[in-house]
Amino acid sequence: MEGIIDLTNANAASVLDGSKGVLVEFYAPWCGHCKNLAPEMVKLGQALIKAKPTIVAVAKINCDNERDVCSKYGVQGYPTLKYFPRGSSEPIEYNSGRTVEAMVDFINQKEPSSRLRIAKEPTFVEDLSPQTFDKIVLDSEKNVLVKFYAPWCGHCKKMAPDYEKVAKAFLNEKSVVVAHVDCDKYRDLCSKYGVQGYPTLKFFPAKENKEAEEYNSGREAPAFLEFLNNKAGTSRNIEGALSEKAGVLASMVGPVKKFLAASTVEDKKKVIAEVEATVSSLVGAAKANADVYAKAMARIVEKGAEYVATEVARLEKILAGGSVSGDRADAMKIRMNVLKTFN
């Protein structure tokens, strides 16, 4: 493993000679907890390579193959971590967390001059604390999916990449928040919401006096995506773009048919007036989307029926080119979807 020394019965004495501090993982290949720890050990090895410390090292030893060393240090379960301090041959039990952050903190405490650092990967998941939980989660205008997790939990680690994908997909959706709470740090908060195992997921809908709903669907990105789209009334795909359904209103099917059937400009303008009256009675996204229909009708009257095909082609080209993003891309996608209902 890159950045991590593989200990054997043959080299253990020379590595653990007290010339530098060494954090050692005693493991077995078949051990599930060892497998869960492996990604954190990889990150730790990478941190060592970047920092190039000369006074600390990290090692691992397969106790199925190297029984003598493991027996010498009284290893009885896996994984067992021990720290061999600089200037000593007697190890110290490592009883801190099993995350790379916890191991780095431990090493830096033992050897302050090592100055190990972990580069944090960018995240789109909202990190909640007792100070921010109510403001974000209980906001009546927000649909919030919360993952209650523990850093050492294997199922939580396995789910994390899919959860991150969904958080990124809803980044431009102001009414949706994908969040998590570290239950090792904030046990009282997790206890308040009845969390007894990890990960536990709860959904808080956008409404007054909201109560948590248990999330019992799949733990992969498509399941999260479908759940949030259904609950929040959104139309996001996994890339974060709007789907073909975005902006399309069932209530506008009748007015569109009536508009297309109208034989004169005057009759078409009457339909536009009716739609504009409907717009004034709506609120939020429904109001904005209905207004797109009214404006589309006005442009068709102004430029002729061929406007629909021309404008759809123009919008498709812009969106495919990737030159627009965020709110502007969303607005173009909604306009294109609405125009297609006039075909």
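The values are calculated or read from the model by the stated rules, or taken from the named source; none is laboratory data. Computed from a predicted structure; not experimentally measured. In this analysis, Cβ positions are derived from the backbone assuming ideal geometry, glycine residues included, and neighbour counts consider all displayed protein chains. Surface accessibility is based on the protein's heavy atoms, side chains included, excluding ligands, DNA and RNA. Shrake-Rupley method; radii C 1.70, N 1.55, O 1.52, S 1.80 Å.
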Taking segment 249-258 on its own, how many of its residues are in contact (Cβ under 8 Å) with a residue 60 or more places away in the chain and surrounded by 14 or more Cβ atoms within 10 Å (Cβ to Cβ)? 2
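Listed here are the residues, each with its yes/no results for (1) more than 30 Å from residue 158 (Cα to Cα); (2) among the hydrophobic types (A, V, I, L, M, F, W, C); (3) at pLDDT 90 or above.
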{"residue": "8", "(1), (2), (3)": "yes, no, yes"}
{"residue": "18", "(1), (2), (3)": "yes, no, yes"}
{"residue": "26", "(1), (2), (3)": "no, yes, yes"}
{"residue": "34", "(1), (2), (3)": "no, yes, yes"}
{"residue": "39", "(1), (2), (3)": "no, no, no"}
{"residue": "54", "(1), (2), (3)": "yes, no, no"}
{"residue": "62", "(1), (2), (3)": "no, no, yes"}
{"residue": "69", "(1), (2), (3)": "yes, yes, yes"}
{"residue": "73", "(1), (2), (3)": "yes, no, yes"}
Mind listing whichever residues of segment 127-141 are in contact with a helix residue (DSSP H, G or I) (Cβ under 9 Å, 6 or more places away or on another chain) and open to solvent by less than 60 Å² (accessible area, probe 1.4 Å)? 128, 129, 133
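Of everything in segment 317-343 that's farther than 25 Å from residue 286 by Cβ and of a type outside the set (Gly, Ala, Ser), which residue is most open to solvent (accessible area, probe 1.4 Å)?
We begin by selecting, within segment 317-343, every residue farther than 25 Å from residue 286 by Cβ; these are 317-318, 320-323.
With of a type outside the set (Gly, Ala, Ser) added as a condition, the list becomes 317-318.
Numbers: 317: 160, 318: 43 Å².
Applying the filter and picking the extreme gives 317.
Determine whether residue 77 is surrounded by fewer than 20 Cβ atoms within 10 Å (Cβ to Cβ), at negative phi and touching a residue at least 60 places away in the same chain (Cβ under 8 Å). Explain how you work it out, then say what you get.
Values: surrounded by fewer than 20 Cβ atoms within 10 Å (Cβ to Cβ): yes; at negative phi: yes; touching a residue at least 60 places away in the same chain (Cβ under 8 Å): no.
Against the criterion (surrounded by fewer than 20 Cβ atoms within 10 Å (Cβ to Cβ), at negative phi and touching a residue at least 60 places away in the same chain (Cβ under 8 Å)), residue 77 does not qualify.
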Residues located in segment 227-248, provided they are touching a residue at least 24 places away in the same chain (Cβ under 8 Å), open to solvent by less than 90 Å² (accessible area, probe 1.4 Å) and not in a helix (DSSP H, G or I): 233, 234, 236, 237, 238, 240, 241, 242, 246, 247, 248
Can you name the residue in segment 8-38 that is open to solvent by 60 Å² or more (accessible area, probe 1.4 Å) and assigned to a helix (DSSP H, G or I) and, of all such residues, is farthest from residue 91 (Cα to Cα)? 35
From the set of residues in segment 208-226 that are among the small types (Gly, Ala, Ser) and within 12 Å of residue 165 (Cα to Cα), which is surrounded by the fewest Cβ atoms within 10 Å (Cβ to Cβ)? 223
Scan segment 112-126 and give yes if some residue there is surrounded by fewer than 13 Cβ atoms within 10 Å (Cβ to Cβ) and at pLDDT 90 or above, otherwise no. no
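Yes or no: residue 206 of a type in the set (Gly, Ala, Ser), out of contact with any Leu (no Cβ under 6 Å at 6 or more places or on another chain), part of a helix (DSSP H, G or I) and under 30 Å from residue 247 (Cβ atoms)? Full working, then the answer.
On the way: of a type in the set (Gly, Ala, Ser): yes; out of contact with any Leu (no Cβ under 6 Å at 6 or more places or on another chain): yes; part of a helix (DSSP H, G or I): no; under 30 Å from residue 247 (Cβ atoms): yes.
Taking the combined requirement at face value, the residue does not satisfy it.
Each row is one residue, and each column tells you yes or no for (1) closer than 28 Å to residue 174 by Cβ; (2) within 40 Å of the chain's Cα centre (by Cα); (3) among the hydroxyl-bearing types (Ser, Thr, Tyr).
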site	(1), (2), (3)
247	yes, yes, no
252	yes, yes, no
258	no, no, no
265	no, no, no
270	no, no, no
274	no, no, no
277	yes, no, no
287	yes, yes, no
294	yes, yes, no
Pairs, please: C-beta under 8 Å, at least 6 apart or cross-chain, first residue part of a helix (DSSP H, G or I) and in segment 184-202, second open to solvent by 40 Å² or more (accessible area, probe 1.4 Å)? 188/130; 189/130
